[in-house]
Amino acid sequence: MPIHNHDIAAIFEQVADLLEIENANPFRVRAYRNAARTVDSLSQSLADLVARGEDLSELSGIGKDLACKIKEIVATGGLQLLAELEARTPPELAEMMKIAGLGAKRVHLLHEKLGIKTARDLQEAALTGKIKEIKGFGEKIEEQIKAGLGGITTEEKRFKLSTVEPVAQALLGYLKGAPGVKEAIVAGSYRRRKETVGDLDILVTCGHSQAVMEAFVNYEDVEKVLAQGDTKSAVVLRSGLQVDLRVVPEESYGAALHYFTGSKAHNIAIRHLGVKKGLKINEYGVFEGENRVAGKTEAEVFEMVDLPYIEPELRENRGEVEAAPKGRLPKLITLEAIKGDLHAHTKATDGHNTLEEMANAAEDRGYEYLAITNHSKRVSMAHGLNAADLAAEIAEIDRLNSKLKGLVVLKAIELDILADGALDLPDEILQDLDLTVCSVHYNLNLSRDQQTERIIRAMDNPHFNILAHPTGRLINKRDPYEVDLERLLAAAKERGCFMELDAQPDRLDLADIYCKLAKDMGVKISIDTDAHSIRDLAFMRYGIDQARRGWLEPGDVLNTRPLKELRKLLQRS
DNA sequence: GCCGTTTTCGGCCCGACTGTTTTCAGTCG
């Protein structure tokens, strides 16, 4: 079983939790949490890096000690330190920290004073009223614990960006209508356009904050008020989505927007630059001693630490803070740069619109081209096309193209990559196409090596152009299949193939960190909607969001090319 | 445990709200 970066990050998080409960040096705890974050957002596999003998202490937040620990985890699957911690401190205590109101200190006290080791112990203590008798605890905290115990096993709930968007926009509209509100904006991971959002952070400037806070907690969709103060309130909506509202003075708007947009790691890096220049940076501004020297706009904040403006999508502390002063920030792709969509279905298989309807909708979007990529025969569930069906579709597209003025429909197909790496239609028919997208739909459970080799074998076919939804993941539903993306990218580069960024909000596949890896390795990405209806063509903007998070510029993207140039790029060999 | 054009030792981002308190610790983001 290969060790994933995610597994290593989880072990470091667990170590951090247990150390914190043991009241260890808080900076040591932070070091483990920082390392977990670094490891989790790395696009290359640590197991591979270890195998290649690379120096892991080059990674930010990883020193000599943690580099050794990573090697230990890769070699043994576990960590001696964690085993020792778990022998001293019951691991279930770490789970308890997920209960609202319980942190490391209180969990430690529960263990020390009442001998609580498990969630069951905790429940019993809460029900028999023992908890409120501990000094520092009370009635309310005991109630919070009782209420929180039910949710202890559920995983951290994150909502898809596309799910949250209408909720956020409705609430934002409501708040903009509240008395005295001047500016209102959603910050946080929503503004960074992360594929999933844990909660909403809304920032408001206004005359009198109390009226806004009142309006906020009385919003019709609010189920529970978690906190209500003069400058900060928090609620849970009926959907379970938590929303935090912050009110700041106008002169602090930029600093607050920067602060609440995050990410946390980015903010820490920026503050670190501030500290070096003798500046204090917080949500109210940039301060030199007592004097506010900046804060009205975000650009001012960056300027104070000698940086150009950094786009929200880049603020993950994945190199943007280092790249910015060197003038090496990417000029991120925008929706307007897209000249066409290279993955779309029609009624001929599992789409909902006809060829002509799809073409007209694409033309309405101002596209130069649209590739029709219906499923091939192996995907029988979607009534995949056989060679004769495809021949008929090609003829139909030719007829349509002779009528169309502003748009060219490209003759294409979404081929299934069979378990042995063969493509599921004969080469004779494929040579009549403008391009192919190829994807894995079945046998998702192969080993990492087998899956990688299967796909590379498919790329060996000269008709293979674009690997569609390259990891097969469905956000919050299905993990990516095991595959060595770095090898796939190297193979694609060698053969003149491309990777898709599938813009379906359920997929967003490739993920941001792999888009950046592809860019770094010189493999172009095709941002496609995989549309099954004319409405789905609008998913392109989610793909753009993800591409921007992956540092992609127009030049890194295949379908920013005019048709003539696109055709040239699709010619292999 | 990490990190270094002030440092290889001594720093490490910062503020709001809540609950249990009589001035503050803990939690959270």
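In this rough spin-label picture, where each label sits 7 Å from Cα along the Cβ direction, the A:Glu250-A:Arg238 distance is 3.7 nm.
With respect to the cross-link table entries A:Lys98/A:Lys232; A:Lys71/A:Lys331; A:Lys71/A:Lys157; A:Lys113/A:Lys224; A:Lys157/A:Lys224; A:Lys331/A:Lys403, which display a Cα-Cα separation exceeding 28 Å? Pairs exceeding 28 Å: A:Lys71/A:Lys331; A:Lys71/A:Lys157; A:Lys113/A:Lys224; A:Lys331/A:Lys403. Taking amide H positions as modeled 1.01 Å from N, with prolines and chain starts lacking one, the residues under 5 Å from A:Ile475 and 5 or more places away or on another chain are A:Arg507. When a/c is below 1.5 the answer is rounded, else prolate if a/b is larger than b/c, else oblate, so apply that to chain A with a ≥ b ≥ c taken from the square roots of the Cα gyration tensor eigenvalues. Because a/c hits 1.5 or more and a/b exceeds b/c, chain A counts as prolate. Each Lys and Arg Cβ is given +1 and each Asp and Glu Cβ -1; about its Cα centre, the range A:85-141 then shows a dipole of about 200 debye. Under 1.5 on a/c is rounded, so check that first for the range A:504-567, then, if it is not, pick prolate when a/b is larger than b/c and oblate when it is not; a ≥ b ≥ c are the square roots of the alpha carbon gyration tensor eigenvalues. The shape class here is oblate.
As a proxy for reagent exposure, A:Glu300, A:Glu414, A:Glu220 were ordered by neighbouring Cβ count within 10 angstrom, fewest first; the result is A:Glu220, A:Glu300, A:Glu414. Between A:Ala387 and A:Leu335, residue separation times 0.36 nm minus the direct Cα-Cα distance comes to 15.2 nm. Applying 1/(1 + (r/R0)^6) with R0 = 45 Å to the Cβ-Cβ distance of A:Ala490 and A:His208 gives a FRET efficiency near 0.15. Across the options A:Ala104, A:Leu42, A:Ala387, the greatest Cα extent toward the positive end of the charge dipole of chain A (unit charges at beta carbon of Lys, Arg, Asp, Glu) belongs to A:Ala104. For the cross-link pairs A:Lys135/A:Lys280; A:Lys411/A:Lys524; A:Lys277/A:Lys326; A:Lys339/A:Lys516, the ones whose C-alpha atoms lie over 25 Å apart are A:Lys135/A:Lys280.
Computed about its Cα centre, the charge dipole of the range A:435-573 is approximately 360 debye, with only Lys, Arg, Asp and Glu carrying charge at their Cβ. Computed over the range A:155-271, the range of Cα coordinates on each principal axis works out to 35, 34, 22 Å, biggest value leading. Sorting A:Tyr259, A:Tyr367, A:Tyr174, A:Tyr442 from the fewest to the most surrounding beta carbons within 10 angstrom yields A:Tyr442, A:Tyr174, A:Tyr367, A:Tyr259.
Annotation: the residues A:Ser380, A:Ser252, sorted from fewest to most other C-beta atoms within 10 Å of their own C-beta, follow the order A:Ser380, A:Ser252. The residue among A:Val483, A:Leu423, A:Ala119 whose Cα reaches farthest toward the positive pole of the charge dipole of chain A, with charges on the beta-carbon of Lys, Arg, Asp and Glu, is A:Ala119. Each Lys and Arg adds +1 at its Cβ and each Asp and Glu adds -1 at its Cβ; summed about the Cα centre, chain A shows a dipole of about 1100 debye.
Applied to the range A:525-531, the Karplus parametrisation 6.51 cos²θ - 1.76 cosθ + 1.60 on θ = phi - 60° returns per-residue 3J(HN,Hα) values of 10, 9, 8, 10, 8, 6, 5 Hz, with x for Gly and Pro. With 0.36 nm allotted per residue and the present C-alpha distance subtracted, the A:Ala51-A:Glu112 stretch has 17.7 nm of extension available. Across the range A:446-458, computed HN-Hα scalar couplings (Karplus, 6.51 cos²θ - 1.76 cosθ + 1.60, θ = phi - 60°) run 5, 5, 4, 5, 4, 5, 4, 5, 4, 6, 5, 4, 4 Hz from first to last residue, x flagging Gly and Pro.
Bear in mind that the values in this text are calculations on the coordinates, not laboratory data. Just so you know, these numbers come straight off a predicted model, no measurement behind them. For neighbour counting, all protein chains shown are included, and Cβ atoms are generated from backbone atoms with ideal geometry for every residue, glycine included.
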